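This report concerns only the one structure given below.
The values are calculated or read from the model by the stated rules, or taken from the named source; none is laboratory data. Note that the structure is predicted; figures quoted are calculated from it, not measured. Note that each Cβ is placed from the backbone with ideal geometry, even for glycine, and that neighbours are counted across all protein chains shown.
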């Protein structure tokens, strides 16, 4: 049964819904001229950043394209590389475009109806979520229709991963550089509030929410799902070859049911009366999960004729949703860890940071173990079939569209609150935008944890694909081979180096932002008096230039290290490296994102419960929050992409390694 | 050639030198009655702590002993376990005894001669270094003489590791809890100087140097070298069985030449004129290295008849010494990272901590890669023999005695400076004790990095021994087996959980110390006026009780997790777990110790170069230092033991695993 057309059709349907949702958001009024002006600054800044960023990424794509053409006699591989990178950038671009429209419309709607504000913000998010899953399945099914061979499609995943890493790194460095710069000079030195229009870095900060959280995470999940389709299809033909094309259709049909589930879920989420926003999300997620489960049941029994694969898929889905429990436990606004970090702040920043570190280092355990349990369960329930692990991995992807929708909702609400603050909008219900913002923070934290858990299984999958293709099990001494051990330990070390570069890059950008904001306040005293508009564009410009320069070193590390290790020490050492690298990435990433999230909410807890702005306790909490910023929004999320990209690079260069 | 007697004789010689050195230190005068009184407090506190600690550890040993007796029909295994644990505790006890004698004698000698002060402090250190290597080889050779079978000696290594973990954890939590408590209330709140006799926690802080740095590290290196002897002997019979007893003698003869090299090196170190203390150490290290190289050459050619093994040993020795270069680059007092962290402190604690984190995460790379290079080199130079890796591992141990001597020198000088400050001793040359203290900080940092590098290879070795004994290479799908992958990823997670527990434990102890010091100052205003002596003993008591309670959870994790994983998921999953666990431990440990060292020296850099005590920059630097304390002195060093102990536990329970 060749159902490629069905996969494509479902993808096209998703894009049709995207267009409808975007139209329904855009037709809403923008509000006062003042709001339109502020929104214009943000849109302008985002456009400047994305233009320069895409130019830089294009250069890298071009630089990678030519060696690929020379090396692969088959032009279809480099072509799929460019196609994958372009679709990833397109998904991010669509997300960014809608986010900068939905933000101001959400602020305006909040003046009359909180339900309306919620619906606009969520529909903006859904545009991002559906674009990601829609474009991914369109790209993969189109390529399969053209190539008929999944091994030729590795370039697509590689391109998507490469673009994602640069998008996430550049966006992350930009947003946190601006955020720290705005906070350290504005809030701490000048003692003006958050989102005050007198702060020269305020627009850069708001732009950052869009380019970092929205566009960055969108390309992350685009690559995650695309890599999964491709590796699952390769393993379908390697492991389930006897089923022919049906096995190859299994990943695509699961993806299609995920999309249909997401579409139904999206329409189930709205500003229901008497239900809190987070409750609305949960209803949507339930609708999605139920639809996906049905699709998974049908796909497993019809295409594979094996009900046990359905259990495997289900275990992946459950594991990915269970991550939310850990997020609630650690990052929830009144959670025990957040309270203890806030209380430690009463004894100064050092003990607050230490308490946070202690919780951060344990936080990956629960999500990690639930993912590992799902891998092991799928292996056993399918009678020791590696394909069971493939099914579990596809299960972790089913809800991606829905989760991405609730993620992109976050920065839209964050922006909406900022615009309302700057334009002094009075909302119909006090604190509605703050509540949406806080909800957005929770969904963002959940998405990062989800992306990490789902990314871990994806990386395991790519590693297994690599291992099957190079016959990793044939190495002498097996796991005891010093070549494997050294490769593996080296792999463990790379995410540490990557984290160092990512944290350092953000620090450097924040330095320059601090200097620029200080300069503007000093040279033009009218700014702080509110008589003169600060030079917002210059801050955006400085952030853009620094972020794009600083993203290069960590970005290259992900591509260059597998190539060097593979060519110098061989395919077995590289195999070890991939496994080690994914091990430490998969742990450092949630350590960073959970840690940062806890410090962030501890600061909010101090502000809400102790009401002590300006006191040493509040200062201690702000310090913790600032330390956590680059961890949770730069190093953490990009490590997630790093682990998949190193694996995809290895997969791509296999033909080269087989020559040696 | 059975040379067991020779190994024993060299060990006995080492202990004879230990007795001589201890005598030569003890015969020096104590100084004024005031100094004797302060030294008495420290000795008393250390004795209280060690007595309670040894009682707690004995309970654990007893609890482990009975199951071992029931499980192993051969009583020789539980007997060797008790023997290993006892010798480890004895080595630590000897170290502690001499340290509390040498400290005050060093202060007193500093009043007349800096060379004399240096010699006393170093000889005190050498007592520790030589006890560690001497007792280890005595224990191992004695057991081999009795048992004639190295697999029966695993209990010795396991006992040594278990005792070491508790010694390091308990000592570390105690010393850093006291240190942070003394600093936060004394220095920050009351603004009294470091080591001020009015601070109720000052004695606890000085006691901590002895029990944490001296006794803790001593038992760490004792287990490292003991584990290496035993696993090397097991692998000698597995891999080089054709050589008979000669191969079994190889590890012992290398150890013996390391001891002879250390003895010569110790006598080459003294207060040479025109040579700085650190230069003196380097002379000693060179003498040791040259002697060891000769011994390694003879052992390789005579016992194994294979010159390539000599190259492998040499590569291990070189790799372990090269670690010093990384320490110099990162932690040196005027190094670029230290300067940049200090400069970042001018922009507040958050950027200072972020800059430190960025450097911390990259710092393991150089030592780690040099160790990996040595493993790979030894494997290739010996024509793909696993025994080459064994030889390299033994090479990393050769200088342990000498390095441990310079390490124990650190806390002795630290104490000496504290006693001089409290008793207001005037030294012959201004700042001599401060210079010795600074030198001691560098040698301590070096030893921690060395212990981590050498421990990594040891852990690899224990893992290979385990793998050979359970035939890890026979697992289905090899490295692609989901059982191996899940085990490995779970293993990667354990050191994160362990770090969380260790950091949290220190934080909790510091909390209670803060409360106690605050209470004493509040309830008795005479203390701060200098009229009343504070209640030092109560602080020691609180530190002791908390440290010993808090050490239990992380300590159990190391023993319980391999047993559970092995029994529930089998020997292959456990194999994966061991490898993953050593991978992340080997990286987190140097990340923590380097990071903490850099923040510590950045604080000193600020104090020396900016002269800004009481300014926000200095406060920011102190915050960084405090954050680093539990990382560098609790989590980092104990992770090092953690990775060996999990492996030794696995080795011990192999007979149990083979039943399933």
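Whether any residue in the range B:357-366 is in a helix (DSSP H, G or I), within 10 Å of chain A (Cβ to nearest Cβ), under 21 Å from residue B:609 (Cβ atoms) and modelled with pLDDT of 95 or more is what I want to check.
There is at least one residue in the range B:357-366 that is in a helix (DSSP H, G or I), within 10 Å of chain A (Cβ to nearest Cβ), under 21 Å from residue B:609 (Cβ atoms) and modelled with pLDDT of 95 or more.
Within the range A:393-403, identify whether any single residue is within 7 Å of another protein chain (Cβ to nearest Cβ) and touching a helix residue (DSSP H, G or I) at 6+ places or on another chain (Cβ under 7 Å), and answer yes or no.
Just the residues of the range A:393-403 that are within 7 Å of another protein chain (Cβ to nearest Cβ), to begin with: none.
No, there is no match, as no residue in the range A:393-403 is within 7 Å of another protein chain (Cβ to nearest Cβ) and touching a helix residue (DSSP H, G or I) at 6+ places or on another chain (Cβ under 7 Å).
Being touching a residue at least 60 places away in the same chain (Cβ under 8 Å), touching a helix residue (DSSP H, G or I) at 6+ places or on another chain (Cβ under 8 Å) and within 25 Å of residue A:441 (Cα to Cα) is true for just one of A:139, A:125. Which residue is that? Even if it seems obvious, please write down each step before you answer.
Numbers: A:139 fails: within 25 Å of residue A:441 (Cα to Cα).
Exactly one of A:139, A:125 is touching a residue at least 60 places away in the same chain (Cβ under 8 Å), touching a helix residue (DSSP H, G or I) at 6+ places or on another chain (Cβ under 8 Å) and within 25 Å of residue A:441 (Cα to Cα), namely A:125.
Given the criteria touching a residue at least 12 places away in the same chain (Cβ under 8 Å) and either more than 28 Å from residue B:349 (Cβ to Cβ) or more than 7 Å from every other protein chain (Cβ to nearest Cβ) (or both), does residue A:497 qualify? Lay out the reasoning, then the answer.
Working: touching a residue at least 12 places away in the same chain (Cβ under 8 Å): yes; either more than 28 Å from residue B:349 (Cβ to Cβ) or more than 7 Å from every other protein chain (Cβ to nearest Cβ) (or both): no.
It is false that residue A:497 is touching a residue at least 12 places away in the same chain (Cβ under 8 Å) and either more than 28 Å from residue B:349 (Cβ to Cβ) or more than 7 Å from every other protein chain (Cβ to nearest Cβ) (or both).
So that you can scan it fast, the table gives a plain yes or no per residue for (1) in a helix (DSSP H, G or I); (2) in contact (Cβ under 8 Å) with a residue 12 or more places away in the chain; (3) crowded, with 24+ Cβ neighbours inside 10 Å; (4) more than 8 Å from every other protein chain (Cβ to nearest Cβ):
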| position | (1), (2), (3), (4) |
| --- | --- |
| A:449 | yes, yes, yes, yes |
| A:489 | yes, yes, yes, no |
| A:509 | yes, yes, yes, yes |
| A:516 | yes, yes, no, yes |
| A:539 | yes, yes, yes, yes |
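Could you check how many residues of the range B:281-301 are in contact (Cβ under 8 Å) with a residue 12 or more places away in the chain and more than 22 Å from the chain's Cα centre (by Cα)?
Counting residues in the range B:281-301 that are in contact (Cβ under 8 Å) with a residue 12 or more places away in the chain and more than 22 Å from the chain's Cα centre (by Cα) gives 12.
Got at least one residue in the range A:94-102 being more than 23 Å from the chain's Cα centre (by Cα), under 17 Å from residue A:415 (Cα atoms) and touching a residue at least 12 places away in the same chain (Cβ under 8 Å)? Before the answer, list the steps.
Applying the first criterion (more than 23 Å from the chain's Cα centre (by Cα)) to the range A:94-102 yields none.
Looking for residues that are more than 23 Å from the chain's Cα centre (by Cα), under 17 Å from residue A:415 (Cα atoms) and touching a residue at least 12 places away in the same chain (Cβ under 8 Å), one finds none in the range A:94-102, hence no.
For the range A:106-117, which residues satisfy the criterion of being farther than 17 Å from residue A:214 by Cα and part of a helix (DSSP H, G or I)? Explain how you work it out, then say what you get.
The first filter runs over the range A:106-117 and keeps only residues farther than 17 Å from residue A:214 by Cα, leaving A:107-117.
If the condition is that a residue be farther than 17 Å from residue A:214 by Cα and part of a helix (DSSP H, G or I), then A:107, A:108, A:109, A:110, A:114, A:115, A:116, A:117 are the ones that fit.
Please work out if residue A:140 is at pLDDT 90 or above and either in a helix (DSSP H, G or I) or surrounded by fewer than 24 Cβ atoms within 10 Å (Cβ to Cβ) (or both). Don't jump to the end; show me each part of the working.
Numbers: at pLDDT 90 or above: yes; either in a helix (DSSP H, G or I) or surrounded by fewer than 24 Cβ atoms within 10 Å (Cβ to Cβ) (or both): yes.
So residue A:140 fits the description; yes.
Taking residue B:385 as the residue in question, decide whether it is within 12 Å of chain A (Cβ to nearest Cβ), surrounded by fewer than 24 Cβ atoms within 10 Å (Cβ to Cβ), within 30 Å of residue A:490 (Cβ to Cβ) and touching a residue at least 60 places away in the same chain (Cβ under 8 Å).
Working: within 12 Å of chain A (Cβ to nearest Cβ): yes; surrounded by fewer than 24 Cβ atoms within 10 Å (Cβ to Cβ): yes; within 30 Å of residue A:490 (Cβ to Cβ): yes; touching a residue at least 60 places away in the same chain (Cβ under 8 Å): yes.
So residue B:385 fits the description; yes.
For the range A:16-35, name all the residues that are buried (at least 16 other Cβ atoms within 10 Å of the Cβ) and in a helix (DSSP H, G or I).
Answer for the range A:16-35, where residues must be buried (at least 16 other Cβ atoms within 10 Å of the Cβ) and in a helix (DSSP H, G or I): A:17, A:18, A:21, A:22, A:25, A:35.
Kindly establish whether residue B:341 is surrounded by fewer than 24 Cβ atoms within 10 Å (Cβ to Cβ) and either part of a helix (DSSP H, G or I) or more than 14 Å from chain A (Cβ to nearest Cβ) (or both).
Details: surrounded by fewer than 24 Cβ atoms within 10 Å (Cβ to Cβ): no; either part of a helix (DSSP H, G or I) or more than 14 Å from chain A (Cβ to nearest Cβ) (or both): yes.
Spelling it out, it is not the case that residue B:341 is surrounded by fewer than 24 Cβ atoms within 10 Å (Cβ to Cβ) and either part of a helix (DSSP H, G or I) or more than 14 Å from chain A (Cβ to nearest Cβ) (or both).
Residue by residue through the range A:598-654, note down the ones that are more than 30 Å from residue A:580 (Cβ to Cβ) and not in a helix (DSSP H, G or I). Give the derivation first.
Here is the first cut: in the range A:598-654, the residues more than 30 Å from residue A:580 (Cβ to Cβ) are A:600-626.
A:611, A:612, A:613, A:614, A:615, listed by residue number.
Looking only at the range B:469-487, which residues are within 7 Å of chain A (Cβ to nearest Cβ) and either under 26 Å from the mean Cα position of the chain (by Cα) or in contact (Cβ under 8 Å) with a residue 24 or more places away in the chain (or both)? Quick ask: steps written out before the conclusion?
At the first step, the residues of the range B:469-487 found to be within 7 Å of chain A (Cβ to nearest Cβ) are B:472-473, B:477-480, B:482, B:484-486.
The answer is B:472, B:484, B:485, B:486.
Output the number of the condition that residue A:336 fails; it satisfies all remaining conditions of (1) more than 11 Å from every other protein chain (Cβ to nearest Cβ); (2) surrounded by fewer than 23 Cβ atoms within 10 Å (Cβ to Cβ); (3) more than 30 Å from residue B:619 (Cα to Cα).
It is condition (3) that residue A:336 fails.
Do the conditions hold for residue B:553, that is, is it assigned to a helix (DSSP H, G or I), within 12 Å of chain A (Cβ to nearest Cβ) and farther than 27 Å from residue B:170 by Cα? First the steps, then the outcome.
Values: assigned to a helix (DSSP H, G or I): yes; within 12 Å of chain A (Cβ to nearest Cβ): yes; farther than 27 Å from residue B:170 by Cα: no.
Against the criterion (assigned to a helix (DSSP H, G or I), within 12 Å of chain A (Cβ to nearest Cβ) and farther than 27 Å from residue B:170 by Cα), residue B:553 does not qualify.
Checking the structure you have, find out if any residue of the range A:344-352 is closer than 18 Å to residue B:497 by Cβ, touching a helix residue (DSSP H, G or I) at 6+ places or on another chain (Cβ under 6 Å) and either part of a helix (DSSP H, G or I) or at the interface with another protein chain (Cβ under 7 Å from one of its Cβ atoms) (or both). Spell out the reasoning first.
We begin by selecting, within the range A:344-352, every residue closer than 18 Å to residue B:497 by Cβ; these are none.
No: the range A:344-352 contains no residue that is closer than 18 Å to residue B:497 by Cβ, touching a helix residue (DSSP H, G or I) at 6+ places or on another chain (Cβ under 6 Å) and either part of a helix (DSSP H, G or I) or at the interface with another protein chain (Cβ under 7 Å from one of its Cβ atoms) (or both).
In the range B:618-641, what residues are more than 12 Å from the chain's Cα centre (by Cα) and more than 12 Å from every other protein chain (Cβ to nearest Cβ)? Before you say what the answer is, go through the steps one by one.
Within the range B:618-641, the subset more than 12 Å from the chain's Cα centre (by Cα) is B:618-631.
The one that is more than 12 Å from the chain's Cα centre (by Cα) and more than 12 Å from every other protein chain (Cβ to nearest Cβ): B:618.
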